[in-house]
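The values are calculated or read from the model by the stated rules, or taken from the named source; none is laboratory data. Remember, it's a predicted structure, so these values are computed and weren't measured experimentally. Here the Cβ positions follow ideal geometry from the backbone for every residue, glycine too, while neighbour counts run over all protein chains shown. In case anyone asks, the SASA skips ligands and DNA or RNA and just uses the protein heavy atoms, side chains included. Shrake-Rupley method; radii C 1.70, N 1.55, O 1.52, S 1.80 Å.
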Amino acid sequence: MNATAPRPLAPGEALDLFTETRARTDALMAPLTPEDTMVQSMEDASPPKWHAAHVTWFFEQFILRPYAPGYVSPNDDFARLFNSYYVQAGPRHARDKRGLVSRPGGQAVRDYRAHVEDAMASLLEADRDDADDIAALAELGCHHEMQHQELLVTDLLHGLSFNPLLPTYRDPEPLPVIDAQPQGWLRQDGGLVEIGHGGAGFAYDCEGPRHKVWLAPYDIADRPVTNRDWIAFMEDGGYSDARLWLMEGHAVAEREGWAHPLYWWQQDGEWWTYTLRGPQPVALEAPVCHVSYYEADAFARWAGARLPTEAEHEVAFGEQPIEGNFLDTMMLRPRPGQGVWGDVWEWTSSPFTPYPGFQPPEGAIGEYNGKFMVNQMVLRGGSCATPRGQMRATYRTFFYPHQRWQMMGLRLARDV
């Protein structure tokens with residue numbers, strides 16, 4: 001399986017990753033107005049300013065406070081404001097009210113980031129017996145910040161979408177135009193296989209332990225479902241045909257008035273979508289994006305197929321080089337004609353549950369993934385908002401089946 005590194009990072013390498021990761025967050029924040037950084041459009045989303053401060057608190061809470069002698073926070077109250085869900089780390093501000101925290105202001109948050117960065121650099125440069133342990137925690141903190149970089153841009157997209165002027169975060173740029181690509185199938189033999197992270201290099205706790213799974217033979221599509229495919233589903237009455245839908249999903253779709261993917265509308269007989277590069281015509285050959293698990297499952301049934309399991313996805317594509325349209329390209333929306341990795345996260349039919357033998361780490365760090373292993377579904381493959389350095393073939397992200405604001409799409413599978 002592909003991994004982000006052949007071995008754990010040395011302290012100097014961890015400092016390089018830390019510097020690079022922090023610079024990317026600063027670059028993502030740079031185009032924003034002070035008002036932009038305060039926007040919180042729903043409870044699931046957080047303001048950009050909060051993201052920038054929270055990832056800073058993570059380094060302070062889990063590395064600087066326990067490992068840096070004499071470290072002093074610029075404001076101890078930041079811990080309450082910028083803790084997310086780590087119960088063992090202390091009290092937390094209400095999640096749905098993060099957008100109401102106008103103070104500290106943007107400059108105070110930038111100063112906080114700089115203060116923590118200086119302290120982290122000194123700590124990682126120190127000659128210490130526990131330097132490798134600190135480097136491992138710094139690497140986790142960097143991957144945590146990468147996750148929040150993805151959330152920052154997708155939360156921002158959701159927030160800006162309520163502005164009737166449909167502002168651009170980044171200048172518009174045309175997508176490549178390609179011919180329609182017929183969907184093909186890749187035959188997989190199945191059998192007794194191994195999945196999960198089991199080697200050197202970084203992975204989240206929920207990606208292991210590596211374990212055996214039995215798979216029946218199956219086919220998996222050679223490309224994601226496209227916007228052209230999705231429009232055919234819509235035009236065939238897919239959203240209104242209750243026979244295609246899980247009961248709960250159909251109830252949600254009716255209650256929310258779903259008739260197309262999030263951010264779509266029809267204008268002069270053509271479908272348009274809102275992106276971080278502004279409003280654009282829907283690119284027919286690009287992967288469909290911003291659809292829930294319920295919609296993906298209904299589409300798969302309409303297409304005479306199903307969603308793959310996460311094991312089927314990992315086995316089919318685990319040896320393919322991780323190259324694609326990630327956050328690093330700053331395209332910020334799916335491109336036509338891409339491969340397995342990047343563009344859109346692909347829903348699987350697998351619930352987010354622990355692998356056999358999973359044990360969360362001790363302490364508050366153990367709250368990172370384990371406490372979320374219920375009622376959510378796994379997605380694979382990364383998206384155009386995912387930093388490339390975050391991706392591995394074993395990477396599992398997870399969301400509730402009704403959620404749509406992330407870069408969510410799908411790929412079909414079928415039994416043989």
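Consider residue 401 carefully, then state whether it is under 30 Å from residue 168 (Cα atoms) and buried (at least 17 other Cβ atoms within 10 Å of the Cβ). In short, yes.
Let's see how each residue does on (1) closer than 30 Å to residue 99 by Cβ; (2) among the small types (Gly, Ala, Ser):
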| position | (1), (2) |
| --- | --- |
| 161 | yes, yes |
| 175 | no, no |
| 180 | no, yes |
| 200 | no, yes |
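Output the residues belonging to segment 179-202 that are in contact with a His (Cβ under 9 Å, 6 or more places away or on another chain) and open to solvent by 30 Å² or more (accessible area, probe 1.4 Å). Residues satisfying the conditions are 194, 198.
Does residue 361 satisfy the criteria of being surrounded by fewer than 20 Cβ atoms within 10 Å (Cβ to Cβ) and under 18 Å from residue 202 (Cα atoms)? The answer is yes for residue 361. Checked against (1) open to solvent by less than 20 Å² (accessible area, probe 1.4 Å); (2) under 25 Å from residue 209 (Cβ atoms); (3) in contact with a Cys (Cβ under 8 Å, 6 or more places away or on another chain), residue 409 meets all criteria but (2). Kindly provide the set of residues from segment 364-398 that are open to solvent by 20 Å² or more (accessible area, probe 1.4 Å) and assigned to a loop (DSSP other than H, G, I, E, B), ordered by number. If the condition is that a residue be open to solvent by 20 Å² or more (accessible area, probe 1.4 Å) and assigned to a loop (DSSP other than H, G, I, E, B), then 373, 374, 375 are the ones that fit.
Open to solvent by 10 Å² or more (accessible area, probe 1.4 Å), closer than 16 Å to residue 105 by Cα, assigned to a helix (DSSP H, G or I) and not hydroxyl-bearing (Ser, Thr, Tyr): which single residue out of 26, 16 fits that description?
Values: 16 fails: closer than 16 Å to residue 105 by Cα.
After applying the criteria, what remains is 26.
For (1) closer than 21 Å to residue 414 by Cα; (2) among the aliphatic types (A, V, I, L, M); (3) modelled with pLDDT of 95 or more, each residue gets a yes or a no:
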residue: 227; (1), (2), (3): yes, no, yes
residue: 230; (1), (2), (3): yes, no, yes
residue: 240; (1), (2), (3): no, no, yes
residue: 246; (1), (2), (3): yes, yes, yes
residue: 250; (1), (2), (3): no, no, yes
residue: 258; (1), (2), (3): no, no, yes
residue: 263; (1), (2), (3): no, no, yes
residue: 278; (1), (2), (3): no, no, yes
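So, of the residues in segment 158-192 that are out of contact with any strand residue (DSSP E or B) (no Cβ under 6 Å at 6 or more places or on another chain) and not in a loop (DSSP other than H, G, I, E, B), which turns out to be nearest to residue 374 (Cα to Cα)? Within segment 158-192, the match that is nearest to residue 374 (Cα to Cα) is 158. Within segment 193-205, track down each residue that is under 23 Å from the mean Cα position of the chain (by Cα), modelled with pLDDT of 95 or more and not in a loop (DSSP other than H, G, I, E, B). Hit for segment 193-205 is 195, nothing else. Among the residues of segment 127-137, at least one is buried (at least 21 other Cβ atoms within 10 Å of the Cβ) and farther than 24 Å from residue 355 by Cβ.
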